[in-house]
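The values are calculated or read from the model by the stated rules, or taken from the named source; none is laboratory data. All values derive from a computational prediction rather than experimental measurement. Cβ placement follows ideal geometry from the backbone for every residue including glycine, while neighbour counts extend to all protein chains displayed. With ligands, DNA and RNA removed, areas are computed over all heavy atoms of the protein, side chains included. Shrake-Rupley method; radii C 1.70, N 1.55, O 1.52, S 1.80 Å.
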Amino acid sequence: MGVPARLMVLLTAVAGAVDAAAFIELGEVFVANQTGNGVLLAIGIADSFLPGHATEGVIGPTASLVGFCVGGVATAWAARLLPHWALLAFEAGLLALAAGLAWAPAPLCTGVLASAMGAQSVYAVRAGVPGVTTTVVTGTLAALFVRATGGIRERQGAPLLALVWLAYFAGALGGAAVVLA
């Protein structure tokens, strides 16, 4: 496993930790898993149409989706001009900013954390490690199944994909343990 693959495993663990911590601390919203936020947003919108229900359930998922898009677009644009390490520095800066904003309203923290995960997602795509996205582990599992059941050449990539999924799980477990302790 080369340097890019090891870095993808580490970044996936970071995404799991940040996602779990944000879900627990910021009102049950994801910052890396935008598919989950799409579902939460849809539920929040549907719930707001019921008599006596407020639209509070849409604020967190909306902040995360917008933040993720802003971070992703900014990173995709910057990637045309800057070296890869600068993209990781941008993500690290956003994570540090979010830590500094721990006192701020949850939607602001959510947006900044999601921006960092958007930046990370674009970095992962640009790194080009087949089947590894670092924030979307459902696709990684599907790629693992395809590789694990394929020919000899395909199976060679399966251990990395399994490790990436396990890294996300371990990161989520660590993030949850820190926040819940």
Restricting to segment 4-33, and then to whatever is assigned to a loop (DSSP other than H, G, I, E, B) and open to solvent by less than 10 Å² (accessible area, probe 1.4 Å), can you tell me which residue is farthest from Ala170 (Cα to Cα)?
Val29
So, Gly139, is that one in contact with a helix residue (DSSP H, G or I) (Cβ under 8 Å, 6 or more places away or on another chain) and in a helix (DSSP H, G or I) or not?
no
Members of segment 130-143 found to be surrounded by 19 or more Cβ atoms within 10 Å (Cβ to Cβ), in contact with a Phe, Trp or Tyr (Cβ under 7 Å, 6 or more places away or on another chain) and not hydroxyl-bearing (Ser, Thr, Tyr), listed by number:
Val137
Quick check on Leu160: is it open to solvent by less than 40 Å² (accessible area, probe 1.4 Å) and under 26 Å from Ala21 (Cβ atoms)?
yes
Out of segment 47-77, which residues are under 16 Å from Val122 (Cα atoms) and open to solvent by 50 Å² or more (accessible area, probe 1.4 Å)?
Val66, Cys69, Val70, Val73, Trp77
If you go through Ala148, Ala127, the only one that is more than 18 Å from the chain's Cα centre (by Cα), surrounded by 14 or more Cβ atoms within 10 Å (Cβ to Cβ) and among the hydrophobic types (A, V, I, L, M, F, W, C) is Ala148
Looking at the structure I just gave you, is Ala20 out of contact with any Ser or Thr (no Cβ under 7 Å at 6 or more places or on another chain) and more than 17 Å from Pro105 (Cα to Cα)?
yes
Can you work out which of the residues in segment 78-120 that are open to solvent by 50 Å² or more (accessible area, probe 1.4 Å) and not in a helix (DSSP H, G or I) is nearest to Val179 (Cα to Cα)?
Ala102
Condition (residue is under 17 Å from Pro4 (Cα atoms), part of a helix (DSSP H, G or I) and touching a residue at least 60 places away in the same chain (Cβ under 8 Å)) applied to segment 171-179: is it met by at least one residue?
no
